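No value in this document is a laboratory result; all are computed from the given coordinates. Since we're looking at a predicted model, the values are computed, not measured. Cβ coordinates were reconstructed from backbone atoms using ideal geometry, including for glycine residues, and neighbour counts include every protein chain displayed.
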Amino acid sequence: MNTFPKHFIATLDDAGKRLDQFLVTQIADTSRARVQQLIDEEKVLVNDAVAKASLRLRGGERIVILVDVKSPPLRAMAEEIPLDIVYEDDDLAVVNKAAGMMVHAGAGATDDERNRGTLVNALLHRFGQLSAVGGESRPGIVHRLDKATSGLIVVAKNDEAHRKLAAQFARRIVKKTYIALVHGWMKQDRATISSSISRDRVRRTRMTTKLSGGREAITHYTVQQRIDSKYGKFSLLELRIDTGRTHQIRVHLASLRHPVVGDTLYGAPGEMSAKNAAGISLPRNFLHAARLQLQHPRSAEALSFARPLPEELQDFLDKIESRTKRGADT
């Protein structure tokens, strides 16, 4: 039976290890994310003081975990929320997700209030039964879209479909195409960005391409239109991704100093001003998952789905298209 607080002594063999890495090796069946959460919540003490997850041990430190490491299980609950169902059968469903909806509750969401309003909640109400491969908090979820991103997402209704769809993502059989509006004019009409992505060590809600040892990430873009407006210059892009890293498109474009419009987390302005005109803003990211191609997990039939820009993005585009330069392949 586990009792807390738990006490550990770092040995000389542990010298050089990060605090979070050390604790994961000391406690069975515990994720690094959960350990980092406890450290961020100041539930871990090193020599009676709070510390960062990145602390490098020297050996001899007294480490105490004040609370139970096991987080209470989060069970997703059914909730009646309207959904735009593009396609469904006995094995899968394709949904056109609205911006502002989280796909599932976060790892730290252990209370009912944070486990509301998600795509998973809506899916459970609509379908009742989904695959269990992703766990009780993420039934049916094979891949994700950011909260502020709209567009197409595929959901597995049973475990066999889930495993086969996941294998397609791993083998890059699934093709995902996005539309984004970014600040400034891209220098090239088309290019591939292949910078690896890591979590930002200072701002933990952000990802970055500036650290070594990150996860491989590949994004291809083509300029659809270059826009010269009274609010500044913009590029309308079509993007394909070979990998699905957290915030991949957003952080890749920001690394080129062309942040996605509305994406203040990665440097986009909150409001765009113009001479002799009221400022305009976009309360979401101008990023939309427009097309999705995959093989049916049971029949292997090729499936292809598409959805146009949602109304709020098209309206914003119409506002700024006062003077337009011809882009590549338009």
### Task
Springs between alpha-carbon atoms under 10 Å, Gaussian network over the chain: tell me which of ASP40, ASP228, ASP189 tops the mean-square fluctuations.
ASP40
### Summary
Ratio for region 1-85, C-alpha Rg to 2.2 N^0.38 Å, reads 1.39
### Summary
Counting only residues 5 or more apart in sequence or on a different chain, those whose built amide H sits under 5 Å from that of LEU92 are LYS157
### Query
Using a Gaussian network for the chain with springs between C-alpha atoms less than 10 Å apart, which of these wobbles most: GLU216, GLU301, GLU80?
GLU301
### Task
Could I have the simple spin-label model distance between ASP200 and HIS143, label points 7 Å from Cα toward Cβ, reported in nm to one decimal?
2.5 nm
### Query
Under 5 Å between amide H atoms, partner at least 5 residues away or on a different chain: which partners does LYS233 have, H built in plane at 1.01 Å?
GLY184
### Task
Pop out the ³J(HN,Hα) list for region 53-70 in order, Karplus 6.51 cos²θ - 1.76 cosθ + 1.60 with θ = phi - 60°, rounded to Hz; leave Gly and Pro as x.
4, 7, 3, 8, 6, 10, x, x, 5, 9, 10, 10, 9, 7, 10, 4, 5, 5
### Message
Check which residues have an amide H placed less than 5 Å from ASP263's amide H, if you skip close sequence neighbours.
### Response
ALA268, PHE286
### Summary
From the Cα centre of region 166-212 to that of region 21-58, the distance in Å is 29 Å
#### Entry: Along each principal axis, Cα extent of the chain, largest first, Å
66, 49, 36
